[in-house]
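Below: one structure, written as structure tokens.
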Amino acid sequence: MADRSEVVPDDASTTKQNFTTCAKCGLLIVGQFVRALGGTYHLECFKCQDCGTIVAAKFFPIEGPDGKQHPLCERDYFRRLNLICEKCGGALRGSYITALDKKYHIEHFTCSACPTVFGPQDSYYEHDGQVYCHYHYSTRFAVKCAGCQTAILKQFVEINRNSVDEHWHPECYMIHKFWNVKLSTHPDDKQGLENEQETTSPEELKNKQKAMEEKVYNIWTVLSTFEEMSAACISDMLLHVSNGSYFDGVRMAEKFISHVEILFSAIDDLENQLVQASGQGLQHNREAKMLCKKIVNFFSLLSHSKETDVRQMGITQELLSLVTGLAHYLKVLIRIALTGALKLERDFDNTRAIGQFLGKLVELTKKGTQLDKDTNVDSDSEVTSDLCHACRITVEEECYKYGQYRWHIGCLRCSGCSRELRTIYKDASFNQITEMAFCPNDTNEQSALGFQYVTQLEQYTYLLRVALSRLYNLLRRKDEGQSHSDIEVERGRKEQKTEPGLVRKDSRSKSYSNGDSYESRNRTDIKRMKSVHMDTKLSNSARFATRSRIIEQESEPTTSSIPSEAEKDKLARAPSQHHVRIVQDQSFESQSQENRIKFDSQNEAITLADISAIAAAEMEKNVPEDKTNKTSRRKSRSKNYLSELSALEYFIVKHVAVLAMEQLLKEHFTLEELLDLIGSKKANFWTKFVTSIKPAEKKPVKKKGTFGVPLEVLVERYGVDSVLGAGPGRIRIPSFVDDSISAMKTMDMSVEGIFRKNGNIRRLKDLSEAIDKNPSAVNLSEDNPVQVAALMKKFLRDLPDPLLTFKLHKLFITSQKLSNEADRKKILHLTCCLLPKINRDTMEVLFIFFKWVASFSHVDEETGSKMDLHNLATVITPNILYSKSKDPTKDDSFLAIEAVHSLLNYQDDFWVVPEDLAAILHDQDLFSNPEGLTTKDILRRCEKFVSSKKDNSNNNGEGSSSGNGDTQVVRHNNPQHQTYIEQGNNENRNPNSTNIYPASSSSSSSIVNNENSIPVEQRAS
């Protein structure tokens, strides 16, 4: 509490004025005086030390530099404690607000544009150091979400795309990444949205933003949950069947059909609404038909495996293609349904469409437990016939039904007058005794109404149920010859009490067992294989003020002192030492933090986009392990992805790759020529002289736009951090590549001739010109897959330097001239390490996509793109790997195609650092001085690495004398350099494979290939 001085009146002062002097001025006191701080003062002398205000009524003591105490007024005392209101300048008493490193009275913490007072739980927004309310920040300064075009007022994701920072709500960002859909009501009318906001009242604006926030949240949660449940079914189908648990696999297929049935029902509802509103429905027939074909093909694969008594199928390429197609077409149909619901809302003001669509999918979660318990279907395939009752041909389109009977649309006729009943089917009747249909004029007493129209999607679902029933019958008949115990197990499947059913104990899926190693999809693997996840740091627009209270101490301290700036925190910790105590209230921000969606924590559930990677990983694990390769298991556990290497690490890998390929290519390249592929060699006098006389001719390079622009320029100007690579991190590639792949992943890729056909030439020109002007203004999802594929080929064909570069063309071609396949594969792998990083990263994304496209080459005997890996290599190679020479006698196009085909086929191995090169990256001496690192330094470290490796081998008894490998020294013409060649025998490596390491040399100053070579010295850039 502040000290209070004693003011003595005039009559009392007359008795003391003869012997009392003022402690401040030293003069005798006449009249009123003040007794405080152990002294007596004139009334006008007892002033605040800072501002000079008389503080005889109330003061706060402070100890000065002279050791004496001096009075302060309330304002200056609180000012020294930094407890002054920013708005009014008065001292803060009681509760106050801290925001933006400033303090305010509760009633003075208001919006800078209006008198709105922020409550203790209200968020505020800051712009240029000023505080704003929700309304004024939304209408004046808030950035708009790139997805929904509403103000971002909470968490957001910031993405740099085309050198522009895009801001997204986390849910909007994930919806766009999953289904390539933006939720804006009017995506192209940004100016209209801004004008609408300015004319909207604060309450209306807040309600609209809240409604959009709830809509976005519901779309994301419902659709992502639906995807996760569907992906779990597909994944379990894959794992059960590959391990021979056929009944469990069929059960999961039955659950998956239930997912498809609910989605089809939701699409039918949306189509009916669109037809009523615009007369035109959704375009979904082909995708739905392809999805059903994939399911039927899955059943056929099971029945064939059962008929041939295959106990454990394993994950074959056919099974991989099936599950990849299932995931893709289901994802495409989800996108079609979502875009249809958004169209109803945008174009026809149907605000209930999205809610009804999501409500249909929510039914799945309600039925989930029921589906787990009740998996029995009508196993009588004669009752559930898929044939038309009239023509006895399978009904595969929309139709009419009455009970268990179905008719084609044109086959439903009156049995009396042969009249078509298409338009009057609701009034038609059916006699179940004679199994005849009648029009209203020919009906009889035994006939009854009840015909129903069946949509195409409903019929597809019915056909899937029929196929499922027949498969159950087949599996059951095959098991009738098994032992009694096996039959009891099958009966246990129907009871379904605690565990999923199984055919035999040895065919049970180990994913349901305790402790078995079959379940390979552990959490770490799934996180690495997830193709779409939130790996971007979240920021927050809204801020929350801190509320504090000032409590004055009741007892006066013996010594008054004002704490320094560094001691202010001590004031709150030890309030008894001071005149005031500050109590911090709990921040509302910490309370609300728990309610926010934590996108930064990885969701461990798999999605449809992950199915292909999981299946491929399982197929790789099922490949029999090469017992002679002792490092194969270690290689699968840890991978050093080339895309994740730093510039220095990539520089080192390039040089070691050149050394590793030298001996294999010694008949085609010298060491100097290989080193020159990394970069230009150090210019000497003659090189400079020749260049000055005859400068190299340079073709003009286009610097603007997207087509015909070098990759390095594109990435700098229109780059994006893509998640489409092989590793878990992001890689920087041109935004056009990311956009075109993302668009085609939402399309039907089984269209025949994709990447072979050229599309519409005029449209191709218009699209390329539009993208050159503004890449962000073109929505590639509106075109067909053939057109987008042709556009991608044009982009690759127009690059000034092809994707696989002119410089490395000869190396790629030479790799196919080697006789040994292992050597060809090794040279291709090492050549990939020599590509410029931008080219290599772009190639990685493209080739992963091409391999995915190839999985749609053959859906069935009649359907498929026919573009398998070799056909894709044939049409893609002329756009990415060709030489500058136009000499027809040097045509090496066939070798180029084979090189690209091998790159596509073995690509999973090519995205990682070669295993025999990876160890050098752990040498810390190479990274101690990156600015001065040269080729000579790298080679010297390689020599030490090889020497230590040899020593370890000798200590372990695995030297050359052990028979594991022979080591010989080959000397070059330059005696300063020799090379160790380790040639493997049949026990541990390919007999033709060779590992090259330079030998030790203490006096070499440059790397030479022969006596006449020019010294080559590369430096890290």
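Values for this structure:
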read-out	value
Cα Rg over Rh - segment 33-81, Kirkwood	0.94
Where labels lie 7 Å past Cα in the beta-carbon direction, separation of E769 and Q283 in nm	2.3 nm
Kirkwood Rh, angstrom, segment 844-932 [1 / mean 1/r, Cα pairs]	16.1 Å
Protection-proxy order for peptides 202-210, 342-350, each taking the mean of Cβ atoms within 10 Å per residue, highest first	342-350, 202-210
Peptide ranges 771-782, 228-239 listed from the most packed, as the mean C-beta count within 10 angstrom indicates	228-239, 771-782
Computed lengthening from D347 to R477, 0.36 nm per intervening residue step minus Cα-Cα distance	41.4 nm
In nm, spacing of pseudo-spin labels at E716 and N820 (7 Å Cα→C-beta vector)	4.3 nm
Stretchable slack from N784 to V275, in nm (0.36 nm times residue separation minus alpha-carbon distance)	181.0 nm
Ellipsoid semi-axes in whole angstrom, largest first, where each is sqrt(5λ) of the Cα gyration tensor of segment 48-170	44, 16, 10
Label-point separation, R140 to H668 (7 Å along Cα→Cβ), nm	6.8 nm
Counted charge near T670, where neighbours are those whose Cβ lies closer than 11 Å (Asp, Glu -1; Lys, Arg +1)	-4
Dimensionless Rg/Rh of segment 726-867 - Kirkwood Rh, Rg from C-alpha atoms	1.00
Positive minus negative residues near H134 (Lys, Arg vs Asp, Glu; Cβ under 10 Å)	0
Neighbour net charge for L808 - beta-carbon separation under 13 angstrom, K R +1, D E -1	+2
Segment 399-458, Cα convex hull volume normalised per residue, Å³	72 Å³
Å² of accessible area per residue within segment 399-458, as computed with a 1.4 Å probe and no ligands counted	55 Å²
Two-site FRET efficiency, T225 against Q356, from Cβ-Cβ distance with R₀ of 25 Å, rounded to 0.05	0.90
S112/K208 FRET efficiency (R0 30 Å; Cβ-Cβ; nearest 0.05)	0.80
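The values are calculated or read from the model by the stated rules, or taken from the named source; none is laboratory data. Just so it is clear, the model here is predicted, and its values are computed rather than measured. Cβ coordinates were reconstructed from backbone atoms using ideal geometry, including for glycine residues, and neighbour counts include every protein chain displayed. In case anyone asks, the SASA skips ligands and DNA or RNA and just uses the protein heavy atoms, side chains included. Shrake-Rupley method; radii C 1.70, N 1.55, O 1.52, S 1.80 Å.
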